[in-house]
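First the structure, in the form of structure tokens, and then the observations on it.
Bear in mind that the values in this text are calculations on the coordinates, not laboratory data. None of the values given here were measured: they were computed from a predicted structure. Backbone-built Cβ (ideal geometry, glycine too); neighbour counts: all protein chains shown.
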Amino acid sequence: MQGGAQRVNEAPAAGTGFAATLVIEAVRVEHDSKLLWIMPLPVYPYLIGDSAAYAQLAFDLRVLDAQGRPVWTRTYDSGREIYKRPALLRSETLPVGLVRMAHESAWRLSRQVVVDLRDALAAERSRPREL
């Protein structure tokens with residue numbers, strides 16, 4: 001972006017010099033686990049089993065023009081993803097892994113946001129104007 005970007009805590013007032021403002025409306029993170037199977041061992045009270053953990057990240061974005069009017073709104077959703085412990089990080093705990101998954105999902109979705117914004121701006125620039 002020409003002129004760079006600046007982080008602000010709230011949407012700036014109209015006419016304060018911002019050409020556009022990207023607003024994160026809401027962020028939703030969901031995680032759950034599911035018991036796949038369980039089997040008692042002959043030695044009481046030991047059990048063996050397996051479970052699966054899932055996580056999903058979604059966020060709503062809005063772009064405001066220089067006058068503070070919404071010009072673009074989208075929701076991005078990673079979909080339900082299963083947690084898989086990386087082979088190199090066998091000691092990774094489930095909470096740490098879910099945080100890592102959320103960051104990886106946010107990175108992938110953010111890359112998609114940039115592509116979509118670029119396409120939306122190109123479409124807006126090429127739109128016929130009324131004189």
If we count every other residue with Cβ under 11 angstrom of ALA20's Cβ, Lys/Arg +1 and Asp/Glu -1, where does the sum land?
-> 0
0 to 90° range, to nearest 10: angle between helix 94-126 axis and the chain longest Cα axis = 20
Do you know the relative contact order of the chain, to the nearest whole percent, from alpha carbon pairs under 8 angstrom that are 6+ apart?
-> 20
In whole Hz, with x marking every Gly and Pro, tabulate ³J(HN,Hα) for the stretch 7-16 from phi via Karplus 6.51 cos²θ - 1.76 cosθ + 1.60, θ = phi - 60°.
-> 8, 10, 7, 8, 4, x, 5, 4, x, 8
The Rg/Rh figure for the chain, Cα atoms and Kirkwood Rh, to two decimals is 1.20
The chain, Gaussian network, Cα under 10 Å: of VAL114, VAL29, VAL43, the residue fluctuating most is VAL43
Grab the DSSP H runs of the chain that are 4 residues or longer, score each as -39,500 (n - 2.57), total them, divide by all residues and round the 222 nm result to the nearest 500 deg cm²/dmol.
-> -9000 deg cm²/dmol
In vacuum, with every alpha carbon of the stretch 4-59 counted as one equal point scatterer, what does the Debye formula give for log10 I(q)/I(0) at q = 0.18, 0.28 Å⁻¹? Two decimals, please.
-> -0.79, -1.10
State which stretch of the chain is the longest one without any exposed GluC sites (Glu not before Pro), exposure meaning a DSSP loop state and at most 11 other Cβ atoms within 10 Å.
-> 11-129
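Kirkwood hydrodynamic radius for the stretch 61-131: how many Å is it when counted over pairs of different Cα atoms? Show your work: numbers first, answer last.
Numbers: mean 1/r = 0.0655 Å⁻¹.
The Cα-based Kirkwood calculation yields 15.3 Å.
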